[in-house]
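J.: Got a structure here, written out as structure tokens. Questions coming.
Since every read-out is calculated from the coordinates, none of them should be taken as a lab result. Here the structure is a predicted model, which means the values were calculated and not measured. With ideal geometry, Cβ positions are generated from the backbone for all residues, glycine too; neighbour counts draw on all protein chains shown.
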Amino acid sequence: MNDKFGFYTSCFSDLTLIEKIRLAGEEGFGYIEIGAWPAGDETRNFAVHDIDFLQLDRQVLEIRKALKENGVKISAIGYYENTLDENPERRKKVLDHLFRCVDAAQKLDCPLVSTFIGRDINKNVGENFEELKTAFSPILNYAGEKGVKIAFENCVMEGWQIQGVPGTLCYQPELWEAIFKVLPQDNFGINFDPSHLVKQMIDYESVLKKFRDRIFHFHIKDTVIFSRLLNWYGIYNRQFSNAHKDGFWNSAIAGNGVIDWKKIMTVLDEIGYDGVLSIENEDPAFQGSTEQTKRGIVMSREYIRGIQNSLKQGEQAWEKKNCAQGSSAVET
């Protein structure tokens, strides 16, 4: 079973990166996913500026030292913004920063940069796909030359630009299939987050199997579904922004939502996923202080470990039983 646990640093907004690395080491996490927005551009929740790109060469030495001292590695550099922004200046700014993230990944021996695709909200899906290849091909080619992979997280980002409208092109499997036809590069894949699928009523088990070769990174995050609110809002969710923040759903730590983690861990084992299980703590019940946030990521990890141990014990019991039956057959 996969024991490569990490966490996304965005949940600790009040700590420096070096402090987050120390915390990872102290709590037994082998990996971190670094939030890497440009300075002054942290305009949303969980957008953090953990890398000083203006002082990157100097900071790389500090980061490397802290990683070595604490036995921690970097699983990904995360910068989740709109690469197809309707405003050409903003789009260029986002894409330029993705190039900087690739440079940082190479210097820090990090294999992956994770992002969103986004969308030009003034154009339909087909028109956005016409722009996708032009926007993304250069960064994929550049990353490939540097030995770095690029992954998109499958978040819906509904209401990002317009209330009730998905804010990115990469939120469901039909779109993923189309994306990989337009951009078939081997270094392009998915930072898979099942919490965004369950609220769309998508079967994450079958999707994991279908896109097994494109899953580069995995987010551990659960989802709570409030049936009373789903019954009130419907699948298109709330229409007035002053109502319940996320409508009929909310983020949760693993085990506190509706996701079947036993099924997910079984499938990940079946498909041979050997990447990092990165805990993304956006559960409002585990925010507000460093201690509470830390408690959330540790609880998530231990919940998943408990499932993994149970599955492993089940496999061992099955093997023991079948070995005993085989021995009996030989003796007979």
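J.: Please name whichever of G30, L54, G40 sits farthest to the positive end of the charge dipole of the stretch 30-72, dipole taken about the Cα centre and charges placed at Cβ: Lys and Arg +1, Asp and Glu -1.
T.: Result: G30, furthest along the dipole toward the positive end.
J.: May I ask for the angle, rounded to the nearest 10°, between helix 125-145 and the longest principal axis of the chain, with both axes built from Cα atoms and the value confined to 0 to 90°?
T.: Long axis of 125-145 versus the principal axis of the chain: about 70 degrees.
J.: Rounded to the nearest whole Å³, what is the per residue volume of the convex hull around the Cα atoms of the stretch 138-206?
T.: Each residue corresponds to 105 Å³ of Cα convex hull volume.
J.: Does a label point 7 Å from the Cα of Q239, set along Cα-to-beta-carbon, have any residues of the stretch 141-162 with amide nitrogen under 20 Å, and which are they?
T.: What the label zone holds, given the 20 Å backbone N cut-off, is 158-162.
J.: While we're here: Based only on other Cβ atoms within 10 Å, what is the fewest-to-most ordering of E33, E86?
T.: Ranking E33, E86 by Cβ neighbours within 10 Å, fewest first, gives E86, E33.
J.: Take the Cα radius of gyration of the chain and divide it by 2.2 N^0.38 Å, with N its residue count; two decimals is plenty.
T.: In units of the globular-protein estimate, the chain measures up at 1.04.
J.: Considering all alpha-carbon pairs of the stretch 52-171, what whole percent are spaced by more than 25 angstrom?
T.: 29 percent
J.: Got a sec to turn the phi values of the stretch 61-68 into Karplus ³J(HN,Hα) couplings, 6.51 cos²θ - 1.76 cosθ + 1.60 with θ = phi - 60°, whole Hz, x for Gly and Pro?
T.: Rounded to whole hertz, the list is 5, 5, 5, 4, 4, 5, 4, 5.
J.: Can you compute 3J(HN,Hα) from phi for each residue in the stretch 101-107, using the Karplus curve 6.51 cos²θ - 1.76 cosθ + 1.60 with θ = phi - 60°, rounded to whole Hz and x for Gly and Pro?
T.: In residue order, the calculated couplings are 5, 5, 4, 5, 4, 4, 5 Hz.
J.: What is the angle, in °, between the Cα long axis of helix 290-331 and the longest principal axis of the Cα atoms in the chain? Nearest 10 is fine, range 0 to 90.
T.: Orientation of helix 290-331: about 40 degrees from the principal axis.
J.: Let me ask another. Suppose only helical runs count, i.e. DSSP H with n ≥ 4. What mean residue ellipticity at 222 nm does that imply for the chain under -39500 (n - 2.57) per run, divided by all residues and rounded to the nearest 500 deg cm²/dmol?
T.: Estimated from H runs of four or more residues: -14500 deg cm²/dmol.
J.: Against the longest alpha carbon principal axis of the chain, how many degrees, from 0 to 90 and to the nearest 10, is the axis of helix 261-270 turned?
T.: Its long axis makes an angle of about 80 degrees.
J.: Determine the distance separating the Cα centre of the stretch 100-152 from the Cα centre of the stretch 1-71; give it in Å without decimals.
T.: What the calculation gives is 21 Å, centre to centre.
J.: Something else: Throw me the Rg/Rh for the stretch 213-253, computed over C-alpha atoms with Kirkwood Rh, two decimals.
T.: 1.14
J.: For the chain, what is the charge dipole size about the Cα centre, in debye to the nearest 20, if Lys and Arg each add +1 at the Cβ and Asp and Glu each add -1 at the Cβ?
T.: Computed about the Cα centre, the dipole is about 260 debye.
J.: Please list, in chain and number order, the residues 5+ apart from I220 or on another chain whose amide H is under 5 Å from its amide H, with Hs placed from the backbone.
T.: HN-HN under 5 Å from I220: S278, I279, E280.
J.: For the stretch 109-122, what does the Karplus curve 6.51 cos²θ - 1.76 cosθ + 1.60, with θ = phi - 60°, yield as ³J(HN,Hα) per residue in whole Hz, taken in order and with x for Gly and Pro?
T.: With the stated coefficients, the stretch 109-122 comes to 6, 9, x, 8, 10, 10, 8, 9, 9, x, 6, 7, 5, 8 Hz.
J.: Considering amide H positions built from the backbone, and no H for Pro or chain starts, which residues 5 or more places from E158, or on another chain, come under 5 Å of its amide H?
T.: Distant-sequence amide H within range of E158: G167.
J.: Taking the Cα centre of the stretch 40-178 as the origin, how large is its charge dipole in debye, to the nearest 20, when only Lys and Arg (+1) and Asp and Glu (-1) carry charge on their Cβ atoms?
T.: Taking the Cα centre of the stretch 40-178 as origin, the dipole is about 480 debye.
J.: Could you please rank W232, W249, placing first whichever residue has the fewest other Cβ atoms within 10 Å of its Cβ?
T.: In increasing order of surrounding Cβ atoms, one gets W232, W249.
J.: Considering amide H positions built from the backbone, and no H for Pro or chain starts, which residues 5 or more places from E81, or on another chain, come under 5 Å of its amide H?
T.: Hits under the 5 Å cutoff: F116.
J.: Which longest uninterrupted range of the chain lacks any trypsin sites (Lys or Arg not before Pro) assigned by DSSP to a loop state (not H, G, I, E or B) and surrounded by at most 12 other Cβ atoms within 10 Å?
T.: Longest run free of exposed loop sites: 45-244.
J.: Shifting gears a bit: State the Kirkwood hydrodynamic radius of the stretch 161-200 in Å, one decimal place, computed from all pairs of distinct Cα atoms.
T.: Evaluated over the stretch 161-200, this radius sits at 11.6 Å.
J.: What is the distance, in nm, between label points placed 7 Å from the Cα along the Cα-to-Cβ direction at A178 and at K65?
T.: 5.0 nm
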